[in-house]
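For reference, the structure discussed in these notes is given below.
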Amino acid sequence: MAEAPWLTILGLGEDGPAGLTDASRAALDAAEVVMGPARHLALLPAVAAERVAWPVPFADGLPVLMGYRGRRVVMLASGDPFWFGAGTVVTRELAAGEWVALPGASCFSLAASRLGWGLEGVACLGLHAAPLSRLRPMLAPGARAVVTLRDGTAVVELAGYLASEGFGTSALTVLEALGGPRERVRRVMAEGYALENVQHPVAVAIEIAGDGAVMGAASGRADQWFANDGQITKRPVRALALSVLAPRPGELLWDIGAGSGSIGIEWLLSHSSLRAIGFEGHPERAARARENALRLGVDRLVIAEGRAPEVLQGQPLPDAVFIGGGLSQTLLDQLYALLKPGTRLVAHAVTLESEAMLAMAHAAKGGSLLRVELAESQPLGSRRGWKSAYPIVQWNVTL
């Protein structure tokens, strides 16, 4: 017979003992140790188990918890521990049979039940320790979101952020201590926000309104979104590159010669599970790429400073690679040796020398070779004419 799990992860609501199920009460009665934030421990009924307050920061509590392995332990968490909760952080340290979870109602479900919102159409974000700019891709009139925040000060910051982005007329429903005796629900506008004494735990439901800039959902977003010094893959060419890079959920991109970070940023905007590493040898451009990623809501973009191919050593191997700068035969040879079979490789060339290099690569490795010529209308005296950009040659291959 398999050994019973030593750890029970218990989702506790603000109603404390009143919300405990029979299974939750049984787990608490059998526990030798109950570990959780001081606020949660204060909500518990009388238990015989030793009570241990979870330290701050959260990571400091993990070795303490693991030190109780082999004893009967209940770990307390808010609501549903696996929806922006502590459950995923803890269980990645454990084998499958070591733990069991008894979730409660999440604050997102409670918020939806107060407002009559269908959660399937609402963006839900945990912003306790994440930048508010993660909201940026979602800011469009008529959109809805529910976000959790660390405290009342963060609610003030949220209102200010929305106003600064041109969405100050958004309606905010501030939801405090949902499900318990301290529950309070107040509705205000982001612009001119003046609520006081907002109590933790707090969630905010946002009905987005305003005339701020809206980020499109398709790749090839306007160049103006990306601060740059001219080193940027322009919008039409970027859309073409992303179409053949073809991001799939869970994949990792290498963006070699990241410049403004636009390729990596658009890759990450395609799906929340995607990952990307941008390689940039110019420190100012590397810093700018990080700032662009943070501002546009994908702060998970990793920028590795250094020149390829040397900087590639020791990095996790990608599913797709884009070469937007620094193309050389040495780099291509290094990639052929380094990358796993099935990796999608896309390279762009502008100069005659780099075009010739891609032509030889195409002859040796196959794939497809595409030449793109773009022209944009511009004033020509009192009339208009076409101004051509340098042609782009794109090589696309699956290794």
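The values are calculated or read from the model by the stated rules, or taken from the named source; none is laboratory data. This is a predicted model, so every value here is computed, not measured. Note that we place each Cβ from the backbone using ideal geometry, even for glycine, and neighbour counts take in every protein chain shown.
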**OP:** Considering each residue of segment 263-282, count those that are out of contact with any strand residue (DSSP E or B) (no Cβ under 6 Å at 6 or more places or on another chain) and surrounded by fewer than 24 Cβ atoms within 10 Å (Cβ to Cβ), and give that number.
**Re:** 8
Original post:
Of the numbered conditions (1) in contact (Cβ under 8 Å) with a residue 60 or more places away in the chain; (2) over 21 Å from residue 216 (Cβ atoms), residue 158 satisfies every one except a single condition; which is it?
Top reply: (1)
Original post:
For segment 307-345, how many residues meet the condition of being surrounded by 14 or more Cβ atoms within 10 Å (Cβ to Cβ) and among the small types (Gly, Ala, Ser)?
Top reply: 6
Original post:
Somewhere in segment 260-278, is a residue over 20 Å from the mean Cα position of the chain (by Cα) and in a loop (DSSP other than H, G, I, E, B)?
Top reply: no
Original post:
Do we have residue 153 as over 17 Å from residue 299 (Cβ atoms) and surrounded by 17 or more Cβ atoms within 10 Å (Cβ to Cβ) here?
Top reply: no
Subject >> Residue that is surrounded by the fewest Cβ atoms within 10 Å (Cβ to Cβ), among those in segment 35-59 that are aliphatic (A, V, I, L, M) and free of Cβ contacts under 8 Å to residues at least 12 places away in the same chain >> reply: 46
Subject >> Unmet criterion (only one of (1) surrounded by fewer than 18 Cβ atoms within 10 Å (Cβ to Cβ); (2) more than 17 Å from residue 155 (Cβ to Cβ)) for residue 137 >> reply: (1)
Subject >> Set 93, 120: member being free of Cβ contacts under 8 Å to residues at least 40 places away in the same chain, under 23 Å from the mean Cα position of the chain (by Cα) and part of a helix (DSSP H, G or I) >> reply: 120
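So that you can scan it fast, the table gives a plain yes or no per residue for (1) assigned by TED's automatic domain parsing to the domain that holds residue 231; (2) among the charged types (D, E, K, R); (3) on the phi < 0 side of the Ramachandran plot; (4) modelled with pLDDT of 95 or more:
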| residue | (1), (2), (3), (4) |
| --- | --- |
| 287 | yes, no, yes, yes |
| 303 | yes, no, yes, yes |
| 310 | yes, yes, yes, no |
| 313 | yes, no, yes, no |
| 318 | yes, no, yes, yes |
Original post:
What are the residue pairs meeting all of these: first residue in segment 246-268, first residue farther than 19 Å from residue 221 by Cβ, second residue polar (S, T, N, Q), Cβ atoms under 8 Å, and 6 or more apart or on different chains?
Top reply: 249/273; 250/273; 254/315
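For every residue, the table says whether it meets (1) closer than 22 Å to residue 129 by Cα; (2) small (Gly, Ala, Ser); (3) buried (at least 16 other Cβ atoms within 10 Å of the Cβ); (4) in contact (Cβ under 8 Å) with a residue 12 or more places away in the chain.
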| site | (1), (2), (3), (4) |
| --- | --- |
| 19 | no, yes, yes, yes |
| 32 | no, no, no, yes |
| 61 | yes, yes, yes, yes |
| 74 | no, no, yes, yes |
| 77 | yes, yes, yes, yes |
Subject >> The listed residue being under 17 Å from residue 178 (Cβ atoms), part of a loop (DSSP other than H, G, I, E, B) and in contact with a Ser or Thr (Cβ under 8 Å, 6 or more places away or on another chain), out of 85, 11 >> reply: 85
Original post:
Restricting attention to segment 371-386, which residues are loosely packed, with under 13 Cβ neighbours inside 10 Å and hydrophobic (A, V, I, L, M, F, W, C)?
Top reply: 375, 380, 386
**OP:** Report, by residue number, each residue of segment 14-43 that is within 16 Å of residue 53 (Cβ to Cβ), touching a Lys or Arg at 6+ places or on another chain (Cβ under 7 Å) and assigned to a helix (DSSP H, G or I).
**Re:** 41
**OP:** Give the number of residues within segment 218-229 that are in contact (Cβ under 8 Å) with a residue 40 or more places away in the chain and loosely packed, with under 13 Cβ neighbours inside 10 Å.
**Re:** 1
